[in-house]
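What follows is a set of notes on a single structure, which appears directly below.
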Amino acid sequence: MTTPVDLFALFLHFLTLSLLAIGGAITTVPEMHRYLVDKTGWLTDTSFTSSIALAQAAPGPNILFVAVLGYNVAGLPGAAASMAGIMLPSSVLTLTATRWARNNREHISLRAFSAGMTPLTLGLIIATGWLLAQPFLKAEAHRWGTLALMAVTVVLVLKTRLGLVWMVLAGGVLGALGLV
């Protein structure tokens, strides 16, 4: 378990990330990794990746990976600190912004902002995927399977309307079979 100062630092870090989470909290995974693994050493690279994989495979909201990371750092208080930090500012900001946007949806600056955020969100998601693939790309036994899975996923996303949940499920099955 960590000390209350560590819990407060965990809370503040996730509070900050909440305001940077354009496209969802998953887009801030590289910064979470830098902080939790590289800077503080609270988690190992493997436990970080496993935490996210476990949370993403479980049913429920996508944001639950933050609670799993916090739990692995400091148990239930860590889960509460990380979830409160990530949810509080973004929830208040989202509520305020959506009310404003609903009343101003035809404003040209709002449409331009939305169009401009798309490449940023896409880049953050790609960075997250690349970071999560690193442990598997470093392992010789999984390298080519991981690259093939990444390539097939990109093609399926671009060329079909197949739901992402099916691709995640297929990746999980391939991983369980030891193919990736």
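Some observations on this one:
- Accessible surface of the chain, 1.4 Å probe, proportion on carbon and sulfur as whole %: 73 percent
- Distance between region 137-169 and region 73-111 - C-alpha centres, whole angstrom: 30 Å
- Area accessible to solvent at HIS142, 1.4 Å probe radius, in Å²: 50 Å²
- Between the residues ALA148, ASN103, LEU88, the greatest Cα displacement towards the positive end of the dipole of region 43-180, with unit charges on the Cβ of Lys, Arg, Asp and Glu, is found for ASN103.
- ³J(HN,Hα) computed for each position of region 101-111 - Karplus, 6.51 cos²θ - 1.76 cosθ + 1.60, integer Hz, glycine/proline x: 5, 4, 7, 10, 4, 8, 5, 5, 5, 5, 5
- Cα pair distances in region 7-116, grouped into 5 Å bins until the bin that holds the longest one, percent each: 2, 12, 20, 23, 16, 9, 8, 6, 3, 1
- Rounded if a/c under 1.5, otherwise prolate or oblate - region 42-170, Cα gyration tensor axes: oblate
The values are calculated or read from the model by the stated rules, or taken from the named source; none is laboratory data. These figures come from a predicted structure and were not determined experimentally. Here the Cβ is made from the backbone with ideal geometry for all residues, glycine too, and neighbour counts use every protein chain on show. Note: areas computed on protein heavy atoms with side chains; ligands, DNA, RNA excluded. Shrake-Rupley method; radii C 1.70, N 1.55, O 1.52, S 1.80 Å.
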